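The values are calculated or read from the model by the stated rules, or taken from the named source; none is laboratory data. Small disclaimer: the values here were computed from a predicted structure and weren't measured. A quick note on method: Cβ atoms are made from the backbone with ideal geometry, for glycine too, and the neighbour counts reach across all protein chains shown.
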Amino acid sequence: MTRFPLTWLYVPGDRPHVVAKALVAGADVVVVDLEDAVAPDRKEYARAATAELLAEPQPVPVHVRVNALDSVWAAADLRALAGLPGLCGVRLPKVTAPGEVRRVAVATPVPLYALLESALGIEHAYAIATAHPALRGIALGEADLRADLGVRADAGLDWPRSRVIVAARAAGLPPPSQTVYPDIRDLDGLAASCVHGRALGFLGRAAIHPRQLPVIERAYLPSRAEIEHAETVVKAASVNEGAQALPDGRFVDAAVVAMARRTLSLAARG
């Protein structure tokens, strides 16, 4: 059964003991961060420690977020990561144009994920999403995007969120995951934010602390009622082809059946 990743746990690359704990924390993917979580004077150490870790396969998929491609550290990050057997993906921060993805893809034969964190990146979302076959996903970096746009209220980011979701779908990529929720103590706020993100079309979320993982998973897994409805839809479709109405009056067509099958696949992940 295909396991849909729902949780991505970010950990600082210059703290190997924290990375070790993250690998057994229950996240679907661990993201070792060489960028924002690492101070400039710790960049070389973080890079070396991450390369040492990924010299061997790990118990869960590990991605690395390298430094911004226009920074003084990015080229060395990509060289150090090349060919490591424990590396499953490279996350590229602050991508603004498709050419950036293509340049990395030529030199780094590993799945790539682009983070869009500026107005320019959002404007180029579809072009970035279709830049190269090595690109396996796009997502937002909302902290930087919020600052770039001068957005204060959370609702001000809903249009960029929808833009990225539509671009990913149009490019044939998986639905984007939500960005991190920065307050690790506010689990109720995290849950509410996940409900909103799921309604927009996100699938899963990045986390910065293990305590956030079960909250994210509960929010994104289908409820019992959703599963039962999906089972009813799929059963009805197996009996009669074409559009029809369920006993409760809800209309069923091919699109509704496709959503129901996706719900059942997600419910059965693992």
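Observations
Table: residues versus (1) outside the structural domain of residue 136 (by TED's automatic domain parsing); (2) touching a helix residue (DSSP H, G or I) at 6+ places or on another chain (Cβ under 9 Å); (3) hydroxyl-bearing (Ser, Thr, Tyr).
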{"position": "13", "(1), (2), (3)": "no, yes, no"}
{"position": "24", "(1), (2), (3)": "no, no, no"}
{"position": "45", "(1), (2), (3)": "no, no, yes"}
{"position": "95", "(1), (2), (3)": "no, yes, no"}
{"position": "101", "(1), (2), (3)": "no, yes, no"}
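- If you go through segment 25-58 and keep only what is of a type in the set (Val, Ile, Thr) and touching a Pro at 6+ places or on another chain (Cβ under 7 Å), you end up with 29, 38.
- Residue match in segment 16-26 (condition: at pLDDT below 95 and surrounded by 14 or more Cβ atoms within 10 Å (Cβ to Cβ)): no
- Criterion (modelled with pLDDT of 75 or more and either in contact with a helix residue (DSSP H, G or I) (Cβ under 8 Å, 6 or more places away or on another chain) or not in a loop (DSSP other than H, G, I, E, B) (or both)) met by exactly one of 265, 238: 265
- Residue within segment 73-84 that is under 27 Å from residue 147 (Cβ atoms) and either surrounded by fewer than 15 Cβ atoms within 10 Å (Cβ to Cβ) or free of Cβ contacts under 8 Å to residues at least 24 places away in the same chain (or both) present: yes
- Annotation: residue 10 fulfils all but one of (1) of a type outside the set (S, T, N, Q); (2) assigned to a loop (DSSP other than H, G, I, E, B); (3) within 22 Å of residue 136 (Cβ to Cβ); the unmet one is (2).
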